[in-house]
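Participant: Take a look at the following structure, please.
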């Protein structure tokens, strides 16, 4: 069947963080801060090629009146389906007893027809390539590395929903945008980190290594910490809940909060 051949082509061509060969991390020479790169990966050619195949597959499925299993139909109002992903990595930054690697992700195809998604859902491992996204890409965030050669299962992200207070009490210093950490499932981690064991000195070093990015980039260029993320710094901060409409991706994935 031609539809099966087209689906196989999509799987073969679409890059994914699950199967991409990870490049060796680059360490900033003095372990300090370096401005994040402004250029973006050139994904135009692969996007055009995969987009054409997806369009043809959608046309064939409709022409043949292919009917998906109702249990696999995409949920309404849960964001767009994206296909494939490419990571851009910046040089890693040394922190107290570890490293942070700035990363941002780009979807190869930002919108995939629901019928095509339902068809691909029949193929084992399809969710390595097709995901729910409320935004076409995932902005800058940071992966924790215990050493330059090992990537952990913890990422750190800013509370992008946070609003600075307009009034500052006389006996309290100005508040700063909070920084949070959470478990993530993108790619294969080399080691499981234990952020609940991090001390204040380590947490503050993470904050200081990444805070200069906020002065160079608009806040919407960063990935937002999830509602279940746990505080890194500063002490006493609380995550700003994301709007209900932005939570559908988490609901779709079925991920649960980690208990310890």
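Read-outs: derived from the displayed coordinates by stated rules, not from any lab. Fair warning: this is a prediction, and the values are worked out from it, not measured in the lab. In this analysis, Cβ positions are derived from the backbone assuming ideal geometry, glycine residues included, and neighbour counts consider all displayed protein chains.
Participant: For region 93-156, what percent of Cα pairs sit more than 13 Å apart?
Facilitator: For region 93-156, the share of Cα pairs beyond 13 Å comes to 70 percent.
Participant: Here is a follow-up. Sort 84-92, 4-12, 191-199 by packing, meaning the average of other beta carbons within 10 Å per residue, with the highest value first.
Facilitator: 84-92, 4-12, 191-199
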